[in-house]
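The values are calculated or read from the model by the stated rules, or taken from the named source; none is laboratory data. Predicted model, so just to flag it, every value in this text is computed and none were measured. In this analysis, Cβ positions are derived from the backbone assuming ideal geometry, glycine residues included, and neighbour counts consider all displayed protein chains.
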Amino acid sequence: MKRSVVKAAVVGLSMLCATAMVQAQGNVEYGKREYQSNCAACHGTEGRGNGPYNMFMTQKSVPDLAVLARNSDGGFPYQRVQQMIDGREQSELGETRDMPIWGARYASVPTYNPELYAALRIAALIEYVEQLQVK
């Protein structure tokens, strides 16, 4: 087999395995664990922006994640949330922020396809944040 065919097969298999792993765990449950370990310290356990690390923030306040849909005319702003969590685009624009650039952190995990790994972690996290929305 040619090396490019083998590489394509391995990439496809790794994407399939990563997707199956997240789906088997349940995106919301996986996202909840991700949120609790990486976000709750600042955003609070319910996403209301009242986490215990707020006193260390340079921004005036940590955003209330539970009202994202309400503040976007009822539609959850998936793409805006994805860009904020990933953070690499804002970092390239020179914007300052207290929030870590999770896309770079997730993509630095040694795996065959770090960008896919980062995208799946962020997608699961967003799915959980969407569940936090107040009606």
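If I filter segment 59-67 for residues that are closer than 13 Å to Leu125 by Cα and modelled with pLDDT of 95 or more, do I get at least one hit? I'd like the intermediate steps shown before the answer.
So in segment 59-67, the residues closer than 13 Å to Leu125 by Cα come out as 65.
With modelled with pLDDT of 95 or more added as a condition, the list becomes 65.
So far as segment 59-67 goes, yes, one or more of its residues are closer than 13 Å to Leu125 by Cα and modelled with pLDDT of 95 or more.
Can you find, within segment 118-135, the residue that is farthest from Pro63 (Cα to Cα) among those that are over 11 Å from the mean Cα position of the chain (by Cα) and at pLDDT 90 or above?
Filtering segment 118-135 for residues that are over 11 Å from the mean Cα position of the chain (by Cα) and at pLDDT 90 or above, the one farthest from Pro63 (Cα to Cα) comes out as Gln131.
Looking at the structure I just gave you, is Thr45 in a loop (DSSP other than H, G, I, E, B) and either in contact with a helix residue (DSSP H, G or I) (Cβ under 8 Å, 6 or more places away or on another chain) or modelled with pLDDT of 90 or more (or both)?
Details: in a loop (DSSP other than H, G, I, E, B): yes; either in contact with a helix residue (DSSP H, G or I) (Cβ under 8 Å, 6 or more places away or on another chain) or modelled with pLDDT of 90 or more (or both): yes.
Spelling it out, Thr45 is indeed in a loop (DSSP other than H, G, I, E, B) and either in contact with a helix residue (DSSP H, G or I) (Cβ under 8 Å, 6 or more places away or on another chain) or modelled with pLDDT of 90 or more (or both).
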Requested in this report: Answer yes or no: is there a residue in segment 22-34 that is modelled with pLDDT under 95, exposed (fewer than 15 other Cβ atoms within 10 Å of the Cβ) and either touching a Pro at 6+ places or on another chain (Cβ under 9 Å) or outside any helix (DSSP H, G or I) (or both).
Outcome: yes
Query - Selection count where residues are assigned to a helix (DSSP H, G or I), surrounded by fewer than 13 Cβ atoms within 10 Å (Cβ to Cβ) and not polar (S, T, N, Q), scope segment 59-88 - result: 1
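Just for segment 115-135: of the residues that are without any contact (Cβ under 8 Å) to a residue 24 or more places away in the chain and exposed (fewer than 15 other Cβ atoms within 10 Å of the Cβ), which one is farthest from Cys42 (Cα to Cα)?
Taking segment 115-135 and keeping what is without any contact (Cβ under 8 Å) to a residue 24 or more places away in the chain, we get 115, 119, 135.
Now drop any that are not exposed (fewer than 15 other Cβ atoms within 10 Å of the Cβ), which leaves 115, 135.
Working: Glu115: 25, Lys135: 22 Å.
So the residue we want is Glu115.
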